[in-house]
Amino acid sequence: MYLYNSATHKKEEFKTHTPGRVEMYTCGPTVYHYAHIGNLRSYIMEDVLEKFLRYEGYDVNRVMNITDVGHLASDADTGEDKMLKGAKRENKSVMDIARFYTDAFFDDCAKLNIKTPDVVQPATGLIDEFIKVVSALIGKGYAYVAGGNVYFDTSKLDHYYVFNDHDEEDLAVGVREGVEEDQNKRNKNDFVLWFTKSKFEDQALKWDSPWGVGYPGWHIECSCISMKFNGEYLDLHCGGVDNAFPHHTNEIAQSEAYLGHPWCSQWFHVHHLNTNSGKMSKSKGEFLTVSLLEEKGYDPLAYRFFCLQSHYRKGLVFSWENLDNAAGAYQKLIKRVAALREGDGQADENAAAQFKEKFLTQVGSDLNTSMGVTCLYDVLKAPVNDATKLAVLADFDRVLSLSLLEKAAALREKEAAQAKAAAAPGGFTIQGEGDPAIDALVLQRAQAKKAKDFAGADRIRDELKAQGIEVTDVPGGAVWKRV
Ligand code: AMP
Ligand code: ZN
């Protein structure tokens, strides 16, 4: 596939260090609150990317951290620890908060058909590893102790700004924002690897270390977790675009200084979900969650569909009107799938292969998910039998994960139950082989007869006959069987 690489600012052919295997890392959530649907936009797009690579035949090892310590309110080492903030807000312990919101995150992911990564590692579970790497960085001269904390010395690097789509002034905003300048830093961009002089006396989680009791900085966790579970060469690193600086920039600095060779070859950044008032963010307080969408009657997968309709490298504007449009289109799509007849002959292998080739090219062009969705419509309107359509749609859904066939089956069952209920006053019962689609046709025929639309009733009987179904009228209902 071709993928835009934020480190080289080019679309490149995707390559891996070990042929056939992808070492993939994703920055996980900071579990001090519910994930908002903006965070989940990033995870949806990363999920499609992982599934597409698997679809292409790669063996993927996907690793994700859970940030349960050390992420301060500003990404540039200032402000309060976000976890502590969450614990205070809810009057609970930091670990209780972490457990609760980690579970909530994976519940939301499940509702959005986001697969759980192969490895999920909370930061608090790997402190010894962080201490090992920080010690080595000091040993190699890349880190120094000042005022009790350990800092990474960015002046030791040949170049620090990697994702320099913006000028240095813009990039430095993360460091300057809300500043209370840290006097211990030797250089403006130096960052904390290990805190002992916590700005908060009540920092809940602390560990012993060679530099005193303290806790890790945020950036070190991702480098260490990836190096431990993905190995020394990372093929693909993902996150929202706000993570590019300083978080990912700092990850590269530490990892390459530690390893002594280039670390990650491809960087995938998802652009933001915005509202009319700007980027959706947890710290603003007001944000939308999957549960809220459900409360308002939306199927979470309609939100996934909404995300797939736009490209990950463009900002996406959320509005209820936009979501309504996506939800309507998703419902119509399911209806069209539900109208396809199962068991309609053999799938046409040649036609299926052609559809697949087009899907691979389209989605493989920098993860063009909206073209992937267009491929679904192309299949639906193609002059091939329903068996082929169903097989191809199921195949594409391994990547898009819109539960197309499952939702269609549920819709058919619902419609059959509704039709049954509608016919109930006359006490009409159907005995058959438990196929809701056939039951629905048998009922339609009975209703046509009741309405004295005998031509319509005969048409349905012929349609059933063509499918090998024989219907016999019995008192109060009908019996059908395959002949
Ligand atoms: P956090 O839980 O704040 O550490 O963020 C989890 C993930 O969501 C990170 O990859 C962020 O870059 C990403 N993210 C944060 N805000 C948004 C947004 N409004 N739209 C898309 N992704 C976001
Ligand atoms: Zn990270």
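General observations
- Members of region 194-253 found to be away from ligand 1 (no atom under 16 Å from the Cβ) and either free of Cβ contacts under 8 Å to residues at least 12 places away in the same chain or of a type in the set (D, E, K, R) (or both), listed by number: LYS197, LYS199, GLU201, ASP202, LYS206, ASP208, LYS228, GLU232, ASP235
- Selection status of MET24, closer than 27 Å to VAL373 by Cβ, within 15 Å of ligand 1 (Cβ to nearest atom), surrounded by 23 or more Cβ atoms within 10 Å (Cβ to Cβ) and over 12 Å from the mean Cα position of the chain (by Cα): yes
- Residue selected from region 218-255 under the condition aromatic (Phe, Trp, Tyr) and crowded, with 23+ Cβ neighbours inside 10 Å, by the criterion farthest from ligand 2 (Cβ to nearest atom): PHE245
- Region 99-110 - residue that is over 26 Å from LYS206 (Cβ atoms) and hydrophobic (A, V, I, L, M, F, W, C) and, of those, surrounded by the most Cβ atoms within 10 Å (Cβ to Cβ): CYS109
- Test: GLY343 is closer than 21 Å to GLY38 by Cα, of a type in the set (Gly, Ala, Ser) and surrounded by fewer than 18 Cβ atoms within 10 Å (Cβ to Cβ): no
- Filtering region 27-57 to residues that are of a type in the set (Lys, Arg) and more than 8 Å from ligand 1 (Cβ to nearest atom) leaves LYS51, ARG54.
- Flag set for ASP96, criterion: away from ligand 1 (no atom under 11 Å from the Cβ), surrounded by fewer than 17 Cβ atoms within 10 Å (Cβ to Cβ) and assigned to a helix (DSSP H, G or I).
- Residue satisfying all of: in region 261-287; closer than 28 Å to LEU53 by Cβ and more than 10 Å from ligand 1 (Cβ to nearest atom); surrounded by the fewest Cβ atoms within 10 Å (Cβ to Cβ) among these: HIS261
- For VAL379, the stated conditions do not hold, so it cannot be described as part of a loop (DSSP other than H, G, I, E, B), among the hydrophobic types (A, V, I, L, M, F, W, C), at pLDDT 85 or above and closer than 16 Å to ARG336 by Cβ.
- Set LYS11, LYS15, LYS82, LYS88: member being within 10 Å of ligand 1 (Cβ to nearest atom) and among the charged types (D, E, K, R): LYS82
- Where a residue in region 41-55 is touching a residue at least 60 places away in the same chain (Cβ under 8 Å) and its partner, wherever it lies, is within 10 Å of ligand 1 (Cβ to nearest atom) and assigned to a helix (DSSP H, G or I), with Cβ under 7 Å and at least six apart: ARG41/CYS307; ILE44/CYS307; MET45/CYS307
- Sole residue being of a type in the set (Phe, Trp, Tyr) and assigned to a helix (DSSP H, G or I), chosen from PHE268, PHE229: PHE229
- Flag if ARG313 is part of a loop (DSSP other than H, G, I, E, B) and either touching a strand residue (DSSP E or B) at 6+ places or on another chain (Cβ under 9 Å) or without any contact (Cβ under 8 Å) to a residue 24 or more places away in the chain (or both): yes
- Some residue of region 64-87 being of a type outside the set (Val, Ile, Thr) and without any contact (Cβ under 8 Å) to a residue 12 or more places away in the chain: no
- The condition of being buried (at least 17 other Cβ atoms within 10 Å of the Cβ) and modelled with pLDDT under 95 holds for only one of ALA387, ALA416, that being ALA416.
- ILE37, sole failed condition from (1) surrounded by 23 or more Cβ atoms within 10 Å (Cβ to Cβ); (2) within 20 Å of GLY231 (Cα to Cα): (2)
- Condition check for SER265: of a type in the set (Ser, Thr, Tyr), touching a residue at least 60 places away in the same chain (Cβ under 8 Å) and touching a Lys or Arg at 6+ places or on another chain (Cβ under 8 Å): yes
- Of all residues making up region 389-405, the number that are small (Gly, Ala, Ser) and over 19 Å from the mean Cα position of the chain (by Cα): 2
The values are calculated or read from the model by the stated rules, or taken from the named source; none is laboratory data. Predicted, not measured: the structure shown is a model, and the values here were computed from it. Note: ideal-geometry Cβ built from the backbone for every residue, glycine included; neighbour counts use all protein chains shown.
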